[in-house]
Amino acid sequence: MIARVLPLLAVFLTSSVEAAPLHGLLADDLAPDDRERLVAEACSAGSVTAAELSPLLSESAPRPAQLDAARIAVCRADPTLIPLMYLSYHRGKAAHLINDPDLYERLLRGLQGFGPELMREHLFDEEGQVSAHADLASLAWSRLHHDWLAPLGGDTAPRLPPDDGGLVAAEASRWLADVLDAGPDGLVRLQTDSGDHGYLFLQRLQGWYLGALEAHGSPAEVELAQEVCRQSSLCGHARDDPQRIGTPLRPVVPIEVARATTESVIPPPRRLSPLAWAWGVLAAAWGLWVLLLRSRPAWRRVLFPAGALGLAPTLLLAAEAVLPFLGVTPLASVGGAGWSEPQAMRGTADAAGTLLESRTLSGRPFRETINEGARWAAVPPTSEGSWRVVTLGESSVHASNHLREESFAEVLGRRLRADHPGQDVEVLNGGIGGAISDDVVSAAVDVLDADPDLIVLYHGINDLGRLETLAGMRAFSPWQLAVRVVLDESHVARIIHDLLPERELAPDADGAWQDESPVGGETADRLSRLAALRCTRNQQRVVRMGAARGVPVIVVAQALVTAESYPSDTERRRLLRWIAEETASRTGAVMLDAHAILGAHSAATGGPPAAGEAYFWDQLHPSRLGHAVLGEALAPTAGRLLRDRDASR
C-alpha cells in the first residue's frame, strides 16, 4: 500500500510545486519584476497543464495574469495546451477576456508555431466536432447583446433565439476545418493585420443570430435586428469560406531597420492666431470708418449707426484678449463641454481618458495602467538619472493588434538604450485604442504626475471622424455641434457658462439611432475642419502642461496610407499635417511628420513605395515595419531633447 501511495504523493507534491508560480500570478498586487520571475519559473517548470493554466485565462483573473498566461502558453510550446489557447484566442477577440493583442495575438503566434496538423489532432473529435466551440455560440450572442441589442433596444432587448440542431457549433467546426485546410496561410489569415478572420467569423455568428431574430422575432425585435444590420456590418458577411477573401498576408518575420543617424525635425510655419486675424480685420474696418467719416461728412447718418454696431464685436474681442490675463480659460482648455463625446454617449465623464492610478504592488508604490484600451503597465517612481519617455495617442500608438514589443514606443526605447549605453531608459506606451484628443489630455495629466522626461504625441484621426459620426445621430445636428466647438473656444462663453446654473439633461431615447441620410459633402468637410481645430487645441494644452513642468514634447503628424485605393483620405491627410503644424507653430514644440519619415525610408532603401501599404496593415494603422521605421526615426530627436533636459537641470 505504501509503495503505491508514495509515487502518487510525489506526483502531487511535484505538481503543487510546479503550479505554485501560476497560483502566485493570480495576485492582484504583484509588482512587474515579481511577475517576471514567476513567469520565468513557469516557463522552465517540468510541466504545466491546461488545468493549471486555465485559472489565469478566466474572466476573473487580473489583467496582468491573463497576459502572463499567454506568455507562458507560448513559451511552453506544449500541444496539450492547444484547446485552451484556441478558445482563449477567441475569447480575447470577443472581449470576454481582456481584448489586448498581448493576449490574443500572442496566443495566435503560439498556435501558428504548432501548425495545422497538430491543431487538427488536438481540437477535433472523431465526429469532426470541436469541443471548444461549445462556448462560441454563447460568446457570439453575449457580444451581440452587449454591443448592439441592449444599447439600441433597452428594455425590449430580445432573448436568445433558438439554435435548431446546434447550427452555430457545427458552423464553427466547419469554419475551423477550412482554416486548417488552407495550411499555414490559413492561420496567418487569423491575424488582425492579414484579414482578421477570427473576428470576422465571430461577426458571421452574430449575423446568424440577427437573421434568426428577423425570421422568428416579434415586430419590435425584427425592427431592432434590422436597425443593427443597418448600423453595423454584421449582416453583410458572405456565407462562403472567409479564407477566400483576398486580404494581403503579413506573416510574422524578423524586421531589420537601419539606425537613424539624422533628425527628421520639420520647422513649423509661422501663423497668426485667429484672434490676431480678427483684430486685424477689425482695425481695418475701424480705419475705413474713420477715413470715411473725415472724407464724407454727409455720410454721418449712416456711419454713426454702423459704428455703434461695431462696438459689440470690438468689446467682445477686447474681452477675449483680456480674460486670459485674468486667469480665465475656455471650456476647450479644461474639457468642460466635451463636444466630441457628450456625457450621454460616453457614460461617466470623470472616468474617461484616465490612464494611470496610484497603487501599491508587492509593498512598493507604482502607477498602474487602468484604462482597458491601453497597454498594461506598472510604473515605479523615477530613479535619479533615469529617462522616462511617454508616447501618447490612439490605436496607432498603442500598436493595436501587434505585440507590445513591436510598437514604435518599444523600438524607440531599444534604440535609446543602444545609443546611450549605461543609461536607464523607460518607455511607457500610453496609446489608448479609440481615444480622441480629450482622452489624450486626460492621460497627459496622469502621465505628468509620473515625472516623464519626454512626451511624444501622435494622434488626430479619431477626432476627424468622431464629430462627423455624432452629427449623423438623431440627437444631434451638424449646426449644433459646430456651435458647441466655437463656444468651447471662447473665454466669454466660459464666463457665461459658469454664471448659468448647471443642468443635467436626460438623453433622448432615440439618440443612439442613426438618421436615414448620413452626413456628407461640404457638411462633413466642415465638421472635419472643426474637429481638427479642437484636436490641435488639445495638443497645445498638453505641450503647455509639459512646458510648465519642464517636459519637452515631440508632436508627430499622423500618417495615413497614400495609395490610390484611399482617395477620400486626401483631405484628412492634409488636416493631420495641419494639426501638428498648428500645434508646433503656437507652442514651439518640436515637429516631425510620419508621412515624410516613411517616404524618406522608402526612398533611401528602395523598399516599399510610400504610396503602397507595406508601412500599414490597413489605411491607418502602421504595420510592424511602419512601427520599426517610426521608432528608429524618433530616436535622434528624442535623445537630443533628453540630453538637453539633463543639461538644464
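The values are calculated or read from the model by the stated rules, or taken from the named source; none is laboratory data. Just so it is clear, the structure is predicted and the values come from calculations on it, not from any experiment. For neighbour counting, all protein chains shown are included, and Cβ atoms are generated from backbone atoms with ideal geometry for every residue, glycine included.
Here is a yes/no grid of residues against (1) touching a His at 6+ places or on another chain (Cβ under 9 Å); (2) at pLDDT 95 or above:
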| position | (1), (2) |
| --- | --- |
| R4 | no, no |
| L9 | no, no |
| F12 | no, no |
| A27 | no, no |
| S44 | no, no |
| A70 | no, yes |
| P79 | yes, yes |
| I98 | no, no |
For this session: Can you tell me which residue within region 250-265, out of those that are surrounded by fewer than 17 Cβ atoms within 10 Å (Cβ to Cβ) and β-branched (V, I, T), is nearest to Y615 (Cα to Cα)?
Result: I255
Exercise. Can you pull out the residues in region 151-167 that are touching a residue at least 60 places away in the same chain (Cβ under 8 Å) and either within 17 Å of G92 (Cα to Cα) or part of a helix (DSSP H, G or I) (or both)?
Worked result: P151, L152, G153, G154, T156
Seminar exercise, completed: Of the residues in region 251-284, those that are over 28 Å from L323 (Cβ atoms) and of a type in the set (A, V, I, L, M, F, W, C) number 8
Problem set entry | Of residues in region 24-39 being free of Cβ contacts under 8 Å to residues at least 24 places away in the same chain and closer than 15 Å to Q66 by Cα, the one nearest to the chain's Cα centre (by Cα) | E36
Exercise. Name the residues in region 414-435 that are modelled with pLDDT under 95 and among the hydrophobic types (A, V, I, L, M, F, W, C), would you?
Worked result: I432, A435
Exercise. Tally time: how many residues in region 34-51 are outside any helix (DSSP H, G or I) and under 15 Å from M85 (Cβ atoms)?
Worked result: 2
Exercise. Among the residues of region 587-599, how many are assigned to a helix (DSSP H, G or I) and modelled with pLDDT of 90 or more?
Worked result: 6
Exercise. When you go through S88, S138, S131 one by one, which is the residue that is free of Cβ contacts under 8 Å to residues at least 24 places away in the same chain and of a type in the set (G, A, S)?
Worked result: S138
Problem set entry | Candidate set from region 168-209 (those that are of a type in the set (A, V, I, L, M, F, W, C) and not in a helix (DSSP H, G or I)); member that is surrounded by the fewest Cβ atoms within 10 Å (Cβ to Cβ) | A182
Problem set entry | The lone exception for A285 - which of (1) part of a loop (DSSP other than H, G, I, E, B); (2) at pLDDT 85 or above; (3) surrounded by 14 or more Cβ atoms within 10 Å (Cβ to Cβ) it fails | (1)
Problem set entry | Selection status of S396, in a loop (DSSP other than H, G, I, E, B) and either assigned by TED's automatic domain parsing to the domain that holds I455 or surrounded by 19 or more Cβ atoms within 10 Å (Cβ to Cβ) (or both) | no
Problem set entry | Checklist (1) modelled with pLDDT of 85 or more; (2) outside any loop (DSSP other than H, G, I, E, B); (3) over 24 Å from G128 (Cβ atoms) applied to L234, failing item | (2)
Seminar exercise, completed: Going through region 436-457 in order, the residues found to be touching a His at 6+ places or on another chain (Cβ under 7 Å) and modelled with pLDDT under 90 are S437
